[in-house]
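All remarks here apply to the structure that follows.
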Amino acid sequence: MWLTTLTFYLFILIGGAHLLRKNLRNRQTAKLKHCGFYSIGGEFFSLKKWLMYCLLWLRAWRQRQKPIRVWDRELLQQWEESEKPQQLDQNDKDSIDSVYFYGGELESDKPAIVIRMARRPDRVAELWFLVRMPDGTILEHPVQPNTHVTNCSPDTFSAGGFTITCDEPMNYWSLRYHGLMKRGIADQLEPQATSHNLDDYVTVNLRAKFRASVNPFDAKTDLSPKIVAEFLAREPWSSAFFAKLKRNEEQVHLEQWGMLTGEMTVGTQRYDLNMSAYRDHSYGLRNWRQYYRYAAHFGYLENGSFFSFGSVSIPQTTTHVKYGYIYLPYGKKCAIDGHDLNLWEKGEITEPPKNYQVRLIANGKDYKVEVRAGENIPLYVQSASCVLFERFTEFTVNGIRGWGITEYCYWHHSPLEGTPEGSLPMPIVPGALSNEDTLVVDLDQQDCCVRSLTGGKGSQLAVASKIFNESGRSDVRVPKGFVVTTNAYREFIQANTVLWEGINELRAAATSGKGGSLEPACKSLIKAFASATLPASVTEVVMNSLDRIFSGESEIRFAVRSSGVSEDGSSASSAGQMETFLGVNRDELPVKIVECWASLFCHRAVQYRHSVGQGIDASMAVVVQGMVPATAAGVLFSQDPISGCSSLMKIEANFGLGESVVSGLVTPDSFTVRRFPDGYKTIEDRQLGEKSEVMQVGESGGLETRHSDEKVSSLSDKRVLALAELGEELEKRYGAAVDVEFALVDDTIHLLQVRPVTAMGPETLDDVMHEFDSSFSYKEGWLTTANIGEMSPGAMTPLTLSTFGRAVDWSMIKYKATKSGIVPEISRPMSGLACSANHLLINMMELGLGSEVMSLFGKFDMACIALLGRTLDEPTRDDLRRYTDGEANLLDKIWNAVCDILTIYQSTKLTEAWEKKFQDGYHVMPQYTAKEQYMELDSRMPDYAQCWCDTIINTGKSAVNSMVLVSIFNEQFGLNEQTFSKLALCLSNCENVYSADVPTALHNLAVDLSNSPNCSAFLALSPKDAANWLLSYESGKAGESFRSFINRHGFRCIREAEFREVSWRAAPEKIVAIMQATISAGLVRREAKETLTIDEIVEQLELRNPLTRRLVKALIPLARRGVASREWGKAISIRMVDAIKEGYKHLGQLMVKEELAPDTDLVYFFTHRELGLLVDRKDTSSLIKKALKRRAALPRQNALQLPELIKGNPRFDLLAEQERPRSPPGARRGSGEQLSVAGMPVSRGSVTGRARVIRNLQDAAEIEKDDVLIVPYTDVGWTPYFPLISGLATEKGGLLSHGAVVAREFGIPCIVGAKQATSLFKTGDFVDLDGERGLLRLAEQQQE
């Protein structure tokens, strides 16, 4: 290392001396600036550039020397921090946190979209939202061209009706908007009269999700040293210059490419979105007044490449910054080394140019970019100190078409005067209580605003009271009263031992996993509350408060409302689940307070809290207010609660008390108010309800209901609009939509409740079904379910996707890194794998990186045969070249081949090391708390991912030698059934095949049991009792064999990679049931399989060339060892799965115990990251609701059938699959027609027998002796049935798939890749299975 560093600095010294001499000899005398703004270098430009380049190159080189870890927890944490809404410096107006999204397609019938939201201090934001319709029409957000928006959410990306959330850092973002957009381009900055004509607007409903395709481009670390050195060398260097640069370095700018999916409705026209997309997230400091100009370009190309480049001028620091990068289709990130986009040549005086060219240099290649920009859409930022022109743009790069955005920024010469509009002050909640032990607090006291003291309802009423008291408004008020605090509740519980014991019993029932025991426990606890009385200390302060607040009002009645700490939140409301009492007399008050507390434990409330991860023993306050003699009352929603439309407000009301409305007793009057961008409101729709009942306070207390024949509206138009104004003001104050319960007395509006709207814009079933779908940005790409569909068939749970999927994808990233020149960095979005509706697929284009296009020994056809059992017409070699951005030269191909061989053979030693760890007892240590258990699991994730990586690469050996044999046979026989049959012959006697030991061991165990005197008793037992007997020492030799089997193979099961599946060790009764069925059906005693010597095999191969025969003879043992190595490596990886699986199982148990989840099974429906948030108790209710929806959607996802080979987005194949005919071309079942299906022969021999069609393992008990088994696939879960069957045909699989390997070891004829065989044949058919020619057909005798 020291020698490298010394050489590097000597190189700098010599080069610097040469450039210094050159600069001194040729002093520049030209002016130092273009157009008076842009520095051009000065006399020491070349020397400065050289020195800066060397320093930057060294920094980049050191960065590359850092070890790349499979599961880089430090990097993942950095991403977590960088993607969340940033903390803004409220004292620095330049503080900014900005997100930008673009989505569009070339020549598409879908809209193109641009969204930017930049959070600023004081709840201000810069917002623009543009839509380019397919006909070229532009739609704008109503605030444009000014982008200044106020009264935004202080800590989320929510402004102007738009909500943007990060679902998973560097992977998924959700975008929601439902509101008005203006038609056409507004170009006048001066205030104009806002149109109140709806024809000038259109309602737009956007529900979209950004899905990343590549890792982010970080402007701090990923720019080319050449381009940075050049623009830094242009500037005069001084200490002040570098100080300003350091300040600029505090900014973070991350860019990422992917897809924008979802749906968008414009008016009545609905569009399904599936388009290429770009996003950036920038935060730090930004003062638009310092920008003189910039020109930014970004877009995607038809070949799957993405690019971004531009130039920026900030005279105070760097007058002409150039930047840029290109992402190649396969994910390689190429920083642009230079381009000729000089600002002084592109629209310096006039408007931005429309058509022009730019030349780029990146990845050692020249790129000619042709730009054809659309209309200029002006956007004014920061009091119009700058004007930006956004243009939807067509690009052509080296003849390849593309689409994207060009954005030009100009310093604006006429900024707006005065201070821009500010936000209304938000209610300030005290950070600490003035009296932490208070039992009662008045609604107008500061402490009442604290949720932990007064609950959700009480704290929000106190906040509303504070708002309107401070505003001085007399027409809006909160009815006076007080709150009996959570301190009083705790004192009450502690004074009643029976209640405390009852709560503990209820908690035990909730955490036992037996949901049915909750209701009896709730009833018992409610009964105990009925016998309890309010402590004297609490009664005294309550009565004192009544006397003080309601002095002289002896006839007043009270409203007593429950106020749970966890209710009326943004993610869980508990609305209507706990008691409210109206018309309460003074003497009844202590009893009603206790009844409110008792309602905390009614079954519906407990069940709700239990289902969303809230504690059973929640805390509650009670709100006591004087009743309002309402003439009318009801509910106000500041946004439409059904659609979530921000431009519509809903009001429902009735005469009398509002209880008739909220309880659903009557059909109330309903009003829809339309609000325009300038705040103007009009009643768009009114529906008068029947209002047949009116509720009022009775003379002696309580409520009275009287019949009403009122046909008039309960609210005048003036009152409706006044309520709408109030709703808008509250929305601005809270920075979010609200719903309000109100009562009217004369001209005064009384607020009875203010809370966040919790059910606005719920996720659709389609959202849940495709939540984890990958970004399929390369539309010419090919995907396959082969191989991965055998290892992980069906839909996977989110937990498995987030761990197994990531680990397998990493192994492919590392593999391609040896061939493609990319840096093998951890990838948040999957690239080697893809996901659609929770089904995993392999990216066939990634195989191109190991093909003849990039490697000397690579063959794409051989890779296809290994995966799919056949060659493919597409993708072609030209397709692979386009994906890899050209074919590698000969030297690179040789180097790539050497790297490939070294990587594969090094993996054997690494796999052996993992085997040693498991022999030494590797496991996840059980912890005592859910958080500790999660931390333990999280610390094991690098091991989990690395183990999969090493073992998967190790399996490459099994394919290498086998594919060499296929290549040899191909030369003489061609790629046909004969070649595959000959390979099957070569692989027919592999030794030490781990998975083949499973049926053999079970077969031998069945023999021992059938010969045992206890056989009849064994068969009479239930599978669980029989398993317990075998695990006991009373079972003798059979039990010893069974325990040995469990010790060796107990970690295995069906769908082994899936964490939710239970292993044989955890549920041995699964294996026992198979043995009982086998013995009951009559044990199959197979004759010894014919074993041929290698010489005999070579003789049967009929090879003409003597040298070829000798080569094949040497390769056969290597190929056989490769098969054994593959099965051995897979068993090692499943051992790791089993260890982690047990850890997650224990985590689920702890989560239930700690009331973080309603049941243990739900743990599998969170991602690994979400489990970390859950144990930290962050937004538990939202996470649990999401997990419950995922679990409900999983059966539907499992029912989906993906084709084996897919081009483009699998989602469209899923839709088409429902209408696709199930029979392959030429396969018919009719008179005179013989039904047959072809596949790849992988185990020689032929058999005629009864077909047994099984589509899932749950029906495998139907298998009988000598059946020809026809299944979609097999994994190790099927192997116990192999001793029973006489032949095997699978719809999926290849030469080295699990079924092929085990069938060869048992001498069972087998074909794989028999498309739709489970649909074309039925159980009971008499079939011929030809393992020589690869055919499955109906037997002729049956046809007659």
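Being open to solvent by 30 Å² or more (accessible area, probe 1.4 Å) and either under 22 Å from F482 (Cα atoms) or not small (G, A, S) (or both): is that true of F581 here?
Values: open to solvent by 30 Å² or more (accessible area, probe 1.4 Å): yes; either under 22 Å from F482 (Cα atoms) or not small (G, A, S) (or both): yes.
So F581 passes the test.
Identify, please: which residue in the range 500-539 is polar (S, T, N, Q) and not in a helix (DSSP H, G or I) and is, among those, least open to solvent (accessible area, probe 1.4 Å)? Talk me through it step by step, then tell me what you get.
Looking only at the range 500-539, we keep the residues that are polar (S, T, N, Q), and these are 504, 511-512, 517, 524, 531, 533, 537, 539.
Pick out the ones that are also not in a helix (DSSP H, G or I) and you get 511-512, 531, 533.
Numbers: T511: 39, S512: 62, S531: 100, T533: 99 Å².
Residue satisfying both the conditions and the ranking: T511.
Could you check the range 379-396 and list, in sequence order, the residues that are open to solvent by 10 Å² or more (accessible area, probe 1.4 Å), within 35 Å of the chain's Cα centre (by Cα) and of a type outside the set (F, W, Y)?
Correct list: Q382, E394, T396.
Within the range 125-142, take every residue that is assigned to a loop (DSSP other than H, G, I, E, B) and touching a strand residue (DSSP E or B) at 6+ places or on another chain (Cβ under 6 Å) and give me the one that is nearest to H196 (Cα to Cα).
Looking only at the range 125-142, we keep the residues that are assigned to a loop (DSSP other than H, G, I, E, B), and these are 133-137, 141-142.
Still in the running and touching a strand residue (DSSP E or B) at 6+ places or on another chain (Cβ under 6 Å): 141-142.
Working: H141: 15, P142: 12 Å.
Residue satisfying both the conditions and the ranking: P142.
Which count do you get for residues in the range 905-927 that are of a type outside the set (D, E, K, R), without any contact (Cβ under 8 Å) to a residue 60 or more places away in the chain and in a loop (DSSP other than H, G, I, E, B)?
Total meeting the criteria: 2.
If I go through the range 701-723 residue by residue, how many of them are in contact (Cβ under 8 Å) with a residue 40 or more places away in the chain, surrounded by fewer than 15 Cβ atoms within 10 Å (Cβ to Cβ) and either over 24 Å from R557 (Cβ atoms) or of a type in the set (S, T, N, Q) (or both)?
0
If you take the residues of the range 207-248 that are touching a residue at least 60 places away in the same chain (Cβ under 8 Å) and of a type in the set (D, E), which of them is nearest to H281 (Cα to Cα)?
Within the range 207-248, the match that is nearest to H281 (Cα to Cα) is D222.
Going by what's in this entry, would K732 be described as free of Cβ contacts under 8 Å to residues at least 24 places away in the same chain and open to solvent by 20 Å² or more (accessible area, probe 1.4 Å)?
no
For the range 102-130, name all the residues that are surrounded by fewer than 21 Cβ atoms within 10 Å (Cβ to Cβ) and either farther than 24 Å from P415 by Cα or without any contact (Cβ under 8 Å) to a residue 12 or more places away in the chain (or both).
Across the range 102-130, the qualifying residues are E105, L106, E107, S108, D109, K110.
Which of the residues that make up the range 143-185 are in a strand (DSSP E or B), open to solvent by 40 Å² or more (accessible area, probe 1.4 Å) and under 17 Å from G644 (Cβ atoms)?
Selection gives T163, T165, R176.
Name every residue in the range 469-488 that is open to solvent by less than 10 Å² (accessible area, probe 1.4 Å) and either of a type in the set (S, T, Y) or part of a helix (DSSP H, G or I) (or both), in order of residue number.
T485, T486, A488
Sort through A1026, A1020 and tell me the only one that's among the aliphatic types (A, V, I, L, M), open to solvent by 10 Å² or more (accessible area, probe 1.4 Å) and more than 30 Å from D861 (Cα to Cα).
A1020
What about R279, is it touching a strand residue (DSSP E or B) at 6+ places or on another chain (Cβ under 9 Å), open to solvent by 40 Å² or more (accessible area, probe 1.4 Å) and closer than 23 Å to F129 by Cα? Full working, then the answer.
On the way: touching a strand residue (DSSP E or B) at 6+ places or on another chain (Cβ under 9 Å): yes; open to solvent by 40 Å² or more (accessible area, probe 1.4 Å): no; closer than 23 Å to F129 by Cα: yes.
Spelling it out, it is not the case that R279 is touching a strand residue (DSSP E or B) at 6+ places or on another chain (Cβ under 9 Å), open to solvent by 40 Å² or more (accessible area, probe 1.4 Å) and closer than 23 Å to F129 by Cα.
What pairs can you find where one residue is in the range 1294-1317 and under 13 Å from S981 (Cα atoms) and in contact (Cβ under 8 Å) with a residue 12 or more places away in the chain, the other is among the aromatic types (F, W, Y) and assigned to a helix (DSSP H, G or I), and their Cβ atoms are less than 7 Å apart, with a gap of 6+ or different chains?
L1295/F980
How many residues does the range 692-741 contain that are on the phi > 0 side of the Ramachandran plot and touching a helix residue (DSSP H, G or I) at 6+ places or on another chain (Cβ under 8 Å)?
Count: 1.
Identify, by number, the condition in (1) outside any helix (DSSP H, G or I); (2) under 42 Å from the mean Cα position of the chain (by Cα) that S962 doesn't meet.
Evaluating S962 over (1) outside any helix (DSSP H, G or I); (2) under 42 Å from the mean Cα position of the chain (by Cα) leaves (1) as the failure.
If R1250 satisfies all but one of (1) open to solvent by 10 Å² or more (accessible area, probe 1.4 Å); (2) under 24 Å from Q1201 (Cα atoms); (3) in contact with a Phe, Trp or Tyr (Cβ under 9 Å, 6 or more places away or on another chain), what's the number of the condition it fails?
Of the numbered conditions (1) open to solvent by 10 Å² or more (accessible area, probe 1.4 Å); (2) under 24 Å from Q1201 (Cα atoms); (3) in contact with a Phe, Trp or Tyr (Cβ under 9 Å, 6 or more places away or on another chain), the odd one out for R1250 is (2).
Go through the range 1159-1200 and give me each residue that's outside any helix (DSSP H, G or I) and open to solvent by less than 20 Å² (accessible area, probe 1.4 Å).
Hits for the range 1159-1200 are F1166, T1167.
Taking the criterion of being outside any loop (DSSP other than H, G, I, E, B), open to solvent by 10 Å² or more (accessible area, probe 1.4 Å) and of a type in the set (D, E), would at least one residue in the range 1110-1129 satisfy it?
No; the residues of the range 1110-1129 include none that is outside any loop (DSSP other than H, G, I, E, B), open to solvent by 10 Å² or more (accessible area, probe 1.4 Å) and of a type in the set (D, E).
Collect the residues in the range 865-887 that are open to solvent by 20 Å² or more (accessible area, probe 1.4 Å), in contact (Cβ under 8 Å) with a residue 60 or more places away in the chain and either among the acidic types (D, E) or not in a helix (DSSP H, G or I) (or both), keeping them in residue-number order. Don't jump to the end; show me each part of the working.
First pass over the range 865-887, keeping only residues open to solvent by 20 Å² or more (accessible area, probe 1.4 Å): 866-867, 870-874, 876-879, 881-882, 885-887.
Imposing the further condition that a residue be in contact (Cβ under 8 Å) with a residue 60 or more places away in the chain reduces the set to 866-867, 870-872, 874, 879, 882, 885.
R870, T871, L872, E874, D879, D885 - these are the residues of the range 865-887 that are open to solvent by 20 Å² or more (accessible area, probe 1.4 Å), in contact (Cβ under 8 Å) with a residue 60 or more places away in the chain and either among the acidic types (D, E) or not in a helix (DSSP H, G or I) (or both).
Select from the range 1182-1236 the residues that are of a type in the set (S, T, Y) and at pLDDT 80 or above and write down the one among them that is farthest from T1167 (Cα to Cα). Quick ask: steps written out before the conclusion?
Step one: list which residues in the range 1182-1236 are of a type in the set (S, T, Y), which gives 1182, 1223, 1231, 1236.
Still in the list and also at pLDDT 80 or above: 1182, 1236.
Values: S1182: 14, S1236: 44 Å.
Here the residue is S1236.
Which condition number in (1) surrounded by fewer than 18 Cβ atoms within 10 Å (Cβ to Cβ); (2) over 30 Å from I314 (Cβ atoms); (3) not hydrophobic (A, V, I, L, M, F, W, C) is the one that H413 fails?
The single condition H413 does not satisfy is (2).
Here are K220, K246: which of them is part of a helix (DSSP H, G or I) and basic (K, R)? Before the answer, list the steps.
Values: K220 fails: part of a helix (DSSP H, G or I).
Among K220, K246, only K246 is part of a helix (DSSP H, G or I) and basic (K, R).
Go through (1) assigned to a loop (DSSP other than H, G, I, E, B); (2) open to solvent by less than 60 Å² (accessible area, probe 1.4 Å) for Q188 and report which single condition fails.
Every listed condition holds for Q188 apart from (2).
A quick yes/no check of all residues on (1) touching a Pro at 6+ places or on another chain (Cβ under 8 Å); (2) farther than 30 Å from S551 by Cβ:
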residue	(1), (2)
V591	no, no
C596	no, no
H610	yes, yes
S619	no, yes
A633	no, no
S638	no, yes
M649	no, yes
D669	no, yes
R686	no, yes
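If the Cβ limit is 7 Å and pairs must be 6+ apart or interchain, which residue in the range 1247-1259 that is more than 15 Å from F1321 (Cα to Cα) and assigned to a strand (DSSP E or B) pairs with which residue that is among the β-branched types (V, I, T) and open to solvent by 60 Å² or more (accessible area, probe 1.4 Å)?
So the pair list comes out empty.
The values are calculated or read from the model by the stated rules, or taken from the named source; none is laboratory data. As the structure is a prediction and not an experimental result, all values here were calculated from the model. Heads up, the Cβs are rebuilt from the backbone with ideal geometry, glycines too, and the neighbour counts pull from every protein chain shown. The area values use the complete protein model at the heavy-atom level, side chains included, leaving out ligands, DNA and RNA. Shrake-Rupley method; radii C 1.70, N 1.55, O 1.52, S 1.80 Å.
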